[in-house]
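In what follows, a structure is listed as structure tokens, so that the remarks can point back to it.
What follows draws every value from the coordinates through simple rules; no lab data is involved. Here the structure is a predicted model, which is why all the values come from computation and not from measurement. Cβ placement follows ideal geometry from the backbone for every residue including glycine, while neighbour counts extend to all protein chains displayed.
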Amino acid sequence: MLGGMDDATTPNGPAAPADPHPTEAELAVLDGGPATGLRLRVAGRPPILQVTRPCAAEPGPGGGAFGVAEVYVYRRDWGVKRAPLRYGYDPGSP
């Protein structure tokens, strides 16, 4: 059945214009915060990156192990149009 759905969603009109956001991975650099200077590759130029760092945790009640991580948010600098893209630390985000 999935094939039928694929056929129904295929556009029949003229080709869509080129996507202004490339899907190939581009180099990006994080600026500020605990991950400053970290270089990575991103696809599609996401507006926000979430960076996590694991925390040590003791077993919870009932003996279950839980994973805990610190979370940091980096927002894209829209003024940078070419690689390396820049993402600045957002200290106000959870």
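How much FRET efficiency would the formula 1/(1 + (r/R0)^6) give for E24 and T52, where r is the Cβ-Cβ distance and R0 is 35 Å, rounded to 0.05?
It comes out at approximately 0.90.
For region 73-85, in order, what is each residue's ³J(HN,Hα) by Karplus, 6.51 cos²θ - 1.76 cosθ + 1.60 with θ = phi - 60°, in whole Hz (x at glycine and Pro)?
Here the 3J(HN,Hα) series is 10, 10, 10, 5, 7, 5, x, 8, 9, 10, 5, x, 5 Hz.
Report, by chain and number, residues whose modeled amide H sits under 5 Å from the one on L85, excluding near sequence neighbours (fewer than 5 apart, same chain).
Placed amide hydrogens put L27, A28, V29 under 5 Å from L85.
When you count, for each residue, the other Cβ atoms within 10 Å and take the mean per peptide, how do 58-71, 34-47 rank with the highest first?
The peptides rank, most packed first, as 34-47, 58-71.
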